[in-house]
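Engineer: Please read through the structure below; I'll follow up with questions.
The values are calculated or read from the model by the stated rules, or taken from the named source; none is laboratory data. Fair warning: this is a prediction, and the values are worked out from it, not measured in the lab. Cβ coordinates were reconstructed from backbone atoms using ideal geometry, including for glycine residues, and neighbour counts include every protein chain displayed. Note: accessible area is taken over every heavy atom of the protein model, side chains too, but ligands, DNA and RNA are not part of it. Shrake-Rupley method; radii C 1.70, N 1.55, O 1.52, S 1.80 Å.
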Amino acid sequence: MSLLRVQDLWVRYRTRRGVVEALSGVSLSVEEGEVLGVVGESGSGKSTLGLAVIRLLPRSAEVRGSVLLNGKDLTSLPEEELRRIRGREVSMVFQDPYSSLNPVMRIGDHFVELMMEHGAAATREEALEAAGELLERLGVPRERLNDYPHQLSGGQRQRVAIGLALILKPRLVIADEITTALDALVERQIIDLVKEVKREYRTSMLFITHNMGLVAEVADRVAVLYAGKLAELGEVREVVSNPLHPYTEALLRSVPRIGGSRELRPIPGEPPDMRNPPPGCRFHPRCPLATERCRREEPPLVERGGRLVACHLRS
């Protein structure tokens, strides 16, 4: 049985300007010890997917489908039971660590509160000792436990956020665009840290990003989302070396390569307005291979050589 199984997940947001369909029938799984990359442009639904898994969507969201974590459907659990699961079985690292840290609490207090709330430490001293040891392994001096979030650099804050996600040893970590706000050097350090966490802790991870190059580095499999739908899903090496969906190929062509001879090509056009998604294949207005069938009929998700792809050219 998969550690995480998302089945036919639909998420809609009710806004003053209309209903936004953020996810449309997405199904995927994460196995024990696996990193599943979720990649797509802004508006593809990838962050909504992460928030739906841990059930942190805003009240305006309408959700259908199921999210099974170790056999338990998180979409139907009482809030009190869900609070016990968050942090202990599943945790999340957000794009902006500063917004997820309380600015008037010292770093150590964040760890103390979390660990004592979940019964992972009997005393404040025990919690601080465990937090200091973990932070040092993540490259942050334990003296930083006495600092406030604004006293840390962006990279240190992100390492603290990763530490908070790991301290209770959850089985699944959701990492949502955790390098977006960082400069190139710190991004490289965080990616190396993620690879180390994967190797040492064997924690399963949902690694959400818009960068196909990062997915190729850290993930075992990759799910490509476009306009709220799954375009392609498969082993990352196979997807990167031989993409089946035109959108996947377009994402790969838009990744710069140092010393590479391949021409860098941005994806033409813009993602669709999800208050009124286009008929047929949602990628067809931007796809150079689109046919009349693509404009009329929505492609089914089919299995091709151990991969899943939603494209009429592959059906």
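Engineer: Can you work out the accessible area per residue across the range 173-311, with the rest of the protein chains kept in place, probe 1.4 Å, in square angstrom?
Structural biologist: I get 49 Å² per residue for the range 173-311.
Engineer: Right, something else. On the accessible surface of the range 38-77, probed at 1.4 Å, how many percent belong to carbon and sulfur atoms?
Structural biologist: 48
Engineer: Kindly sort L74, L56, L185 by accessible area of their heavy atoms, largest first, with the probe set to 1.4 Å.
Structural biologist: So the residues, ranked largest to smallest area, are L185, L56, L74.
Engineer: Something else: Return the carbon/sulfur percentage of the accessible area of the range 110-263, one whole number, probe 1.4 Å, all protein chains in place.
Structural biologist: Of all accessible area on the range 110-263, carbon and sulfur atoms account for 47 percent.
Engineer: List residues of the range 55-76, by number, whose backbone nitrogen lies under 18 Å from a label position 7 Å along Cα→C-beta of E117.
Structural biologist: Of the residues in the range 55-76, 55-58 have backbone N under 18 Å from the label point off E117.
Engineer: Using a Förster distance of 45 Å, how high is the FRET efficiency between E217 and R14, based on the Cβ-Cβ distance and rounded to 0.05?
Structural biologist: Step by step, r from the Cβ atoms, then E = 0.75.
Engineer: Taking DSSP loops as anything outside H, G, I, E and B, show the longest stretch in the chain free of trypsin sites (Lys or Arg not before Pro) there with at most 10 other beta carbons within 10 Å.
Structural biologist: Answer - 60-256.
Engineer: Find how much the distance from R265 to S99 grows on full extension, using 0.36 nm per residue of separation minus their present alpha carbon separation; answer in nm with one decimal.
Structural biologist: This chain segment gains 56.4 nm when fully extended.
Engineer: Only bridges whose two residues both fall in the chain count here: according to DSSP, what percent of them are antiparallel, nearest 5?
Structural biologist: Roughly 60 percent of the beta bridges in the chain run antiparallel, per DSSP.
Engineer: Residue separation times 0.36 nm, minus the C-alpha to C-alpha distance between R83 and E129: what's the value?
Structural biologist: This chain segment gains 14.1 nm when fully extended.
Engineer: Related question: Just to verify a number: FRET efficiency for R142 and R64, C-beta to C-beta distance, R0 = 51 Å, to 0.05?
Structural biologist: Working from the Cβ atoms, E equals 0.65.
Engineer: Then there's this: Report, ordered by chain and residue number, the lysines lying within cross-link reach of K195, taken as a straight Cα distance under 27 Å and ignoring same-chain residues fewer than 8 apart.
Structural biologist: K46, K169
Engineer: At what distance in angstrom do the alpha carbon centres of the range 275-303 and the range 214-258 lie from each other?
Structural biologist: Here the answer is 18 Å between Cα centres.
Engineer: What residues have an amide H closer than 5 Å to that of G280, excluding those fewer than 5 places away on the same chain, when H is modeled at 1.01 Å from N in the peptide plane?
Structural biologist: Residues meeting the criterion, in which the H sits 1.01 Å from N, are E298.
Engineer: Continuing with the same structure: With θ set to phi - 60° and the Karplus curve 6.51 cos²θ - 1.76 cosθ + 1.60, what are the ³J(HN,Hα) couplings of the range 272-287 in order, to the nearest whole Hz, using x for Gly and Pro?
Structural biologist: x, 6, 7, 7, 8, x, x, x, x, 6, 5, 8, 4, x, 10, 8
Engineer: Right, here's the next one. Would you mind getting the accessible area per residue of the range 22-67, heavy atoms of the protein chains only, 1.4 Å probe, in Å²?
Structural biologist: Heavy-atom accessible area per residue stands at 34 Å².
Engineer: At q = 0.29 Å⁻¹, what is the base-10 log of I(q)/I(0) for the range 103-154 according to the Debye formula with one equal point scatterer per Cα and no solvent? Please give it to two decimals.
Structural biologist: With one equal scatterer per Cα and no solvent, log10 I(q)/I(0) is -1.13.
Engineer: Looking at the P(r) of the range 1-135, how many percent of alpha-carbon pairs lie beyond 18 Å?
Structural biologist: Beyond 18 Å sits 63 percent of the P(r) for the range 1-135.
Engineer: Then there's this: Counting each DSSP H run of 4 or more residues in the chain as -39500 (n - 2.57), what helix-only mean residue ellipticity at 222 nm follows after dividing by all residues, to the nearest 500 deg cm²/dmol?
Structural biologist: After summing the helix terms and dividing by residue count, I get -9000 deg cm²/dmol.
Engineer: Determine the order of H210, H150 by accessible area, beginning with the largest, at a probe radius of 1.4 Å.
Structural biologist: H150, H210
Engineer: Here's another thing I want to ask about it. For the range 176-263, what does the alpha-carbon gyration tensor say about shape, rounded, prolate or oblate, given a ≥ b ≥ c as the root eigenvalues, a/c under 1.5 as rounded, and a/b over b/c as prolate?
Structural biologist: Judged from the Cα gyration tensor, the range 176-263 comes out oblate (a/c at least 1.5, b/c at or above a/b).
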